[in-house]
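The values are calculated or read from the model by the stated rules, or taken from the named source; none is laboratory data. This is a predicted model, so every value here is computed, not measured. Don't worry about glycine lacking a Cβ; one is built from the backbone with ideal geometry, like all the others, and counts go over all protein chains shown.
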Amino acid sequence: MLCACHCAGQSNVVYYGTNASPISLAFADTNLSESAKSAITEDLRVCLSEWGKQSELYMRNKGESIGYLYNFKSSPHYPENITFPREIVPNGVSGLALHIPKNLSDAYTNAFAFAAANSNIVAAAYEFVAYLSSTNFYTVTSNEIVDVILVKNATPDMYLLSFVDTTNSLRKQTYYPPSVLSFNYSPNGPAVSNLWMEIPCSNPIPWGGGATWNAFPAIWHDNKWKFCIWDSWVP
């Protein structure tokens, strides 16, 4: 049921579409603190800032839902087991609001707790993405590539031999800040438990404009974030 989630006076707003159209948020969990709502709003803004430019609002009449926010590509910011919010519900102030179900706000609450307990690792994640998006990434040398990417069973010679192909491939994409939801532990990797992150990225479509969206996995290894290619990687 989507009822009981319409928060009159809701001030949290996100933006979607090519014209950055605003829409309020309606939280199903009425016990959420204002600081938690603001933090969720900010993360949703990060997710929608570029990928969300392709989102469109469609109206319908389906129970409590009066519309949905449509994007033909799934969110590259969210892991596969979490669905980006899309249902539109009535709102007394703005008329429309994007519904935030309790299971999503609960996931955010857990993610915020993780980020607070691992602030240095999370800060390093954003620094890594900023590095990938800067011209500094274009000056990485063949000896430094092991600080940027981890490949299962790769020898030092293999890193050197694949340096040009690897860097050319990685530089084709544009990288964006991750969602706080993108961090997850997995047994896949060199350790018993490994911390992974999904980095949203886009590639321009050479025909017809637009872009394709994906998420490139990175791993926390040797006290730094690295792109990672590991067999049977599961987010």
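The set of residues in the range 13-50 being more than 21 Å from residue 198 (Cβ to Cβ) and small (Gly, Ala, Ser) consists of 17, 20, 21, 24, 26, 28, 33, 35, 36, 38.
For the condition under 16 Å from residue 227 (Cβ atoms) and within 18 Å of the chain's Cα centre (by Cα), residue 125 qualifies. Looking only at the range 88-99, residues that are out of contact with any Asp or Glu (no Cβ under 8 Å at 6 or more places or on another chain) and either of a type in the set (Phe, Trp, Tyr) or surrounded by 21 or more Cβ atoms within 10 Å (Cβ to Cβ) (or both) come to 3 in all. Taken over the range 32-74, the criterion of being closer than 20 Å to residue 107 by Cα and modelled with pLDDT under 95 is satisfied by 74 alone.
Inside the range 1-22, residues that are surrounded by 19 or more Cβ atoms within 10 Å (Cβ to Cβ) and at pLDDT 95 or above make up a count of 2.
Once the range 128-143 is narrowed to residues that are of a type outside the set (Phe, Trp, Tyr) and part of a helix (DSSP H, G or I), the residue that is farthest from the chain's Cα centre (by Cα) is 139. Just so you know, in the range 175-218 the residues that are free of Cβ contacts under 8 Å to residues at least 60 places away in the same chain and β-branched (Val, Ile, Thr) include one that is nearest to residue 71 (Cα to Cα), and it is 205. Report yes if some residue within the range 86-97 is among the hydrophobic types (A, V, I, L, M, F, W, C) and in contact with a helix residue (DSSP H, G or I) (Cβ under 9 Å, 6 or more places away or on another chain); otherwise report no. There is no residue in the range 86-97 that is among the hydrophobic types (A, V, I, L, M, F, W, C) and in contact with a helix residue (DSSP H, G or I) (Cβ under 9 Å, 6 or more places away or on another chain). In the condition set (1) of a type outside the set (Val, Ile, Thr); (2) at pLDDT below 95; (3) touching a Leu at 6+ places or on another chain (Cβ under 8 Å); (4) assigned to a loop (DSSP other than H, G, I, E, B), residue 81 is compliant with all but (3).
Does any residue in the range 136-158 that is among the aliphatic types (A, V, I, L, M) come within less than 6 Å, Cβ to Cβ, of a residue that is at pLDDT 90 or above and part of a helix (DSSP H, G or I) six or more places away or on a different chain, and which pairs are these? Cβ pairs passing all conditions: 145/159; 145/163; 146/159. Remark: residue 42 falls outside the filter, which requires a residue to be touching a residue at least 60 places away in the same chain (Cβ under 8 Å), out of contact with any His (no Cβ under 6 Å at 6 or more places or on another chain) and either of a type in the set (Asp, Glu) or part of a helix (DSSP H, G or I) (or both). Residues that are within 20 Å of residue 223 (Cα to Cα) and among the acidic types (Asp, Glu) are absent from the range 99-116. Quick check: anything in the range 82-94 among the hydroxyl-bearing types (Ser, Thr, Tyr) and more than 22 Å from residue 35 (Cβ to Cβ)? There is at least one residue in the range 82-94 that is among the hydroxyl-bearing types (Ser, Thr, Tyr) and more than 22 Å from residue 35 (Cβ to Cβ). The single condition among (1) surrounded by 13 or more Cβ atoms within 10 Å (Cβ to Cβ); (2) β-branched (Val, Ile, Thr); (3) touching a helix residue (DSSP H, G or I) at 6+ places or on another chain (Cβ under 9 Å) that residue 141 does not meet is (1). The condition (being assigned to a strand (DSSP E or B) and either within 19 Å of the chain's Cα centre (by Cα) or at positive phi (or both)) is satisfied by just one residue among 69, 96, 150: 69. Number of residues in the range 161-187 that are surrounded by 14 or more Cβ atoms within 10 Å (Cβ to Cβ) and more than 30 Å from residue 104 (Cα to Cα): the value is 5.
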